[in-house]
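The structure appears below as structure tokens.
The values are calculated or read from the model by the stated rules, or taken from the named source; none is laboratory data. This is a predicted model, so every value here is computed, not measured. Note that we place each Cβ from the backbone using ideal geometry, even for glycine, and neighbour counts take in every protein chain shown.
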Amino acid sequence: MSFATVPNPIPARMKGLNRAEICDVNFSEFVKGWAGTPQSKPAPGEAILEGSALTAQGFRELFESQLISRHLDLMARVLRVQNKVFYTIGSSGHEGNAMVARAARHTDPAFLHYRSGGFMAERFRKLPGMDPIMDSALSFAASAEDPASGGRHKVWGSKPLWVLPQTSTIASHLPKALGTAVAIEAGKRIGHALPIPEDSIAICSFGDASSNHASAQTAFNAASWTAYQKLPAPVLYVCEDNGIGISVKTPSGWIVENFKHRPDLDYFFADGLDLAAGYGDVLRAVEHCRKTRRPTFLHLRTNRIMGHAGTDFEIEWRSIEELCAVEATDPLLRSAAIALESGLMGKDEILALYEDTRRKCFAAAEDADQRPRIETLEHVMAPLAPYTPDKVAAEAVRMPSLEARIKAFGSEDKLPEKQVQKHLAIQINQALHDLFAKYPETLLFGEDVAQKGGVYTVTKGLHKAFGNKRVFNTLLDETMILGMAQGFANMGMLPIPEIQYLAYLHNAIDQLRGEACSLQFFSNNQFANPMLVRIAGLGYQRGFGGHFHNDNSVTALRDIPGLVVGCPSRGDDAAMMLRTLAALAKVDGRVCAFLEPIALYMTKDLYAAGDGQWLTDYPAPNQALTLGEERVYHPDASDCVIFSFGNGMPMSLRAARQIEATHGWKVRVVDLRWLVPLNHAAIAKHAGECARILVVDEGRHSAGISEGVITAITEAGHGGKPLQRVVGADTYTPLAGAAFLVIPKDEDIVAAAGLLAA
């Protein structure tokens, strides 16, 4: 089948038009000027052209979806300058991705490239009564009635169509797509009731330029790693290859060379510019992924016309000859040619459909412009961090069955509340056993967490008690660990991924910042990623490991909207906080991080060797904390208050004794416990009740918790009180004894009190 072309160079009368107008005119002129001989009109169930896997009815519907996508793009370019539309990155040239939507099911979770207008228009056919034009217009207009995001962003998304909204402009959605594919299979293994059919696949689309990104490469590698071990991973990677990333061209042949022979990543190619020729290959790729349950790479040929976005004036950096050559491969021209060659549609019918689609898109856009938009900060933030305290509290104190607990711990006599006092690591371990007994859908995974029980044995015994289906090791890749967590969460499970060290999180933190924590916000709380991320971190490891194993970068976590961060300093708090965090995930869908101070894992003593004063009883399984609830030592003291957390707590308690002995003050010590969100009301209360204020923060001088604490104090009107801050230095943590030169010590706190006294 020859591809039809348009005149080149373009007529002089068109040279003053922008490229969108040129592409618009090209279509009408091509249809009017077509001079071929049509075949006999095929019946709806017959092949659209000889040898094609696509029926005439299927072609007609795909063509309509392509036209919807195109006219949404054209509408956006026109109405953007009138401030009626606020997004102009279009799908023009990529309309062939509608074939993927047709070949797949609406229950196949989809994580989409931003050039997915054709896909969305076609997927809307899967459920009756839905309107892709109006829904898209509401999104373009940032209307509060936008069914995808509630007007928060132009995203492709739909709850009933299982398209999870996202704003990935690169490839940071690939890890969670693979995670979802893995989760579909894992759910079946543990007997979890999936929200979708058991033979579903996960679909994710992206551009050729994005395929080079680190987050894409980690997803491809993890998919191959999984398949190499004969583990099912039904993900369909759809690389929409248009040969360019904004203005940087992809080397010719790079995608096929890079992916066709990758081990355990099954490669398919389809021509996305030709519906009749490409559909059979798309269908084969989808069916292969569904039947084999193997990661599949669909290399879909596309092009990009009308530029990257409305602000991309390609004529400034591409020659007119090159632009005309690209525009000549417009897939809508080929679709028009197929309609004419097959005899399915005549010229007048095609042009009437084209103009009718334009009219519908503009009418919908004008309608959407009249709908309400977000007008208050409260409205903006409503889905960001949902919190229903009463329900969370009830869930947190809900006990596992006694039978499940006995099975988890071995016998009734071995229940942890019946044991002697233990240190932090053991109490975390006991609490994890309880969570596994309480929630059969819980999974724990990460590096070395299974048979070894973690680097610090915190997960010891979980693998033996609950098996490899629920406790398992992953490849050494934090990005993929968090991507899998999102996938499990998408499928209704409760993932507890472990990040081995806080410093290792920095390689993967966008999976929390840009993906997991943004999902509730950009889906208007229709989708969520409930998870509990355990992170070993902070300093004071007696000089071991240098900065990678002594990392205090709590600020990196505090900067993520919607994230909850808890940090215990003692074992009983840890157990109760874990129950609350799990309840936040289950009830409100929250993404939670549990920052575990490594140096306190095995700490038993507080004031003197052998005193055992940092050991705690295991709290009964019906005890939990309220989010933000602080622990207060010496609550009646009012001469000075010390605010701290984590490693700072035993130091502050020891320093408080010395301060009392030296200055005669009664010292109150407050363990914040919850680092995000900080409890401003509690901080203000304690600061208001005490004459002097000390803030002890092992984070760096320019990046820790203390700034937030002092801000809360100041905004509450207590900034005039004597106040000192004890913090770490603005440096990486060195090896061996030099480490203690850069982080706070007991004597630093005592010295700060001396400054307050002066």
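At-a-glance table
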quantity	calculated
Of all residues in segment 709-758 being buried (at least 19 other Cβ atoms within 10 Å of the Cβ), among the β-branched types (Val, Ile, Thr) and at pLDDT 95 or above, the one that is farthest from residue 654 (Cα to Cα)	713
Residue 575 being crowded, with 22+ Cβ neighbours inside 10 Å and either more than 21 Å from residue 743 (Cβ to Cβ) or not hydroxyl-bearing (Ser, Thr, Tyr) (or both)	yes
Residues that are of a type in the set (Ser, Thr, Tyr) and either surrounded by fewer than 18 Cβ atoms within 10 Å (Cβ to Cβ) or assigned to a strand (DSSP E or B) (or both), drawn from segment 225-242	228, 237
Which numbered condition residue 540 fails, given (1) under 19 Å from residue 510 (Cα atoms); (2) out of contact with any strand residue (DSSP E or B) (no Cβ under 6 Å at 6 or more places or on another chain)	(1)
Residue match in segment 201-209 (condition: in the same structural domain as residue 257 (by TED's automatic domain parsing) and over 19 Å from the mean Cα position of the chain (by Cα))	yes
Qualifying strands (runs of 3 or more DSSP E) (wholly inside segment 389-501; at least 2 residues being closer than 26 Å to residue 570 by Cα)	442-446, 494-499
Residues that are touching a Lys or Arg at 6+ places or on another chain (Cβ under 7 Å) and under 21 Å from residue 171 (Cα atoms), drawn from segment 453-508	483, 486, 487
Flag for residue 74 being within 15 Å of residue 366 (Cα to Cα) and in the same structural domain as residue 198 (by TED's automatic domain parsing)	yes
Unmet requirement for residue 525, which otherwise passes all of (1) polar (S, T, N, Q); (2) modelled with pLDDT of 95 or more; (3) closer than 28 Å to residue 617 by Cα	(3)
Residues being farther than 17 Å from residue 326 by Cβ and at pLDDT 65 or above - total across segment 1-28	1
First in segment 595-613 and closer than 21 Å to residue 430 by Cβ, second anywhere and exposed (fewer than 13 other Cβ atoms within 10 Å of the Cβ) and of a type outside the set (Gly, Ala, Ser), Cβ under 8 Å, 6 or more apart	599/542; 605/611; 613/607
Some residue of segment 19-36 being crowded, with 20+ Cβ neighbours inside 10 Å, under 17 Å from residue 346 (Cβ atoms) and more than 42 Å from the chain's Cα centre (by Cα)	yes
Complete set of residues in segment 85-121 that are in contact (Cβ under 8 Å) with a residue 40 or more places away in the chain, within 16 Å of residue 302 (Cβ to Cβ) and part of a loop (DSSP other than H, G, I, E, B)	89, 90, 92, 93, 94, 112, 113, 114, 115, 116
Any chance residue 521 is outside any helix (DSSP H, G or I), more than 23 Å from residue 222 (Cβ to Cβ) and either under 18 Å from the mean Cα position of the chain (by Cα) or of a type in the set (Phe, Trp, Tyr) (or both)	no
Identity of the residue in segment 528-563, in a strand (DSSP E or B) and over 25 Å from residue 216 (Cβ atoms), that ends up modelled with the lowest pLDDT	551
Whichever residue in segment 502-517 is in contact with an Asp or Glu (Cβ under 6 Å, 6 or more places away or on another chain) and part of a helix (DSSP H, G or I) and, among such residues, is nearest to residue 113 (Cα to Cα)	504
Residues of segment 304-343 that turn out to be surrounded by 22 or more Cβ atoms within 10 Å (Cβ to Cβ), of a type in the set (Val, Ile, Thr) and under 33 Å from the mean Cα position of the chain (by Cα), as a count	1
Meets criteria (in the same structural domain as residue 180 (by TED's automatic domain parsing), within 20 Å of the chain's Cα centre (by Cα), surrounded by fewer than 18 Cβ atoms within 10 Å (Cβ to Cβ) and not polar (S, T, N, Q)) for residue 219	no
Residue pairs meeting the criteria (Cβ under 6 Å; at least 6 apart or on separate chains; first farther than 18 Å from residue 624 by Cα, in segment 392-411; second outside any helix (DSSP H, G or I))	409/415
Pairs, first at positive phi in segment 718-740, second surrounded by 15 or more Cβ atoms within 10 Å (Cβ to Cβ), C-beta under 9 Å, six or more apart	736/543; 736/546
Residues of segment 537-556 that turn out to be buried (at least 24 other Cβ atoms within 10 Å of the Cβ) and aliphatic (A, V, I, L, M), as a count	2
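One line per residue, one yes/no per condition, for (1) under 30 Å from residue 395 (Cβ atoms); (2) out of contact with any Phe, Trp or Tyr (no Cβ under 7 Å at 6 or more places or on another chain); (3) acidic (Asp, Glu); (4) without any contact (Cβ under 8 Å) to a residue 40 or more places away in the chain:
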| site | (1), (2), (3), (4) |
| --- | --- |
| 626 | yes, yes, no, no |
| 651 | no, yes, no, no |
| 664 | no, yes, no, yes |
| 675 | yes, no, no, no |
| 693 | no, yes, no, no |
| 701 | no, yes, no, yes |
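Yes/no matrix, rows are residues, columns are (1) of a type in the set (A, V, I, L, M, F, W, C); (2) part of a helix (DSSP H, G or I); (3) out of contact with any helix residue (DSSP H, G or I) (no Cβ under 8 Å at 6 or more places or on another chain):
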{"position": "675", "(1), (2), (3)": "yes, no, no"}
{"position": "696", "(1), (2), (3)": "yes, no, no"}
{"position": "744", "(1), (2), (3)": "no, no, no"}
{"position": "755", "(1), (2), (3)": "yes, yes, yes"}
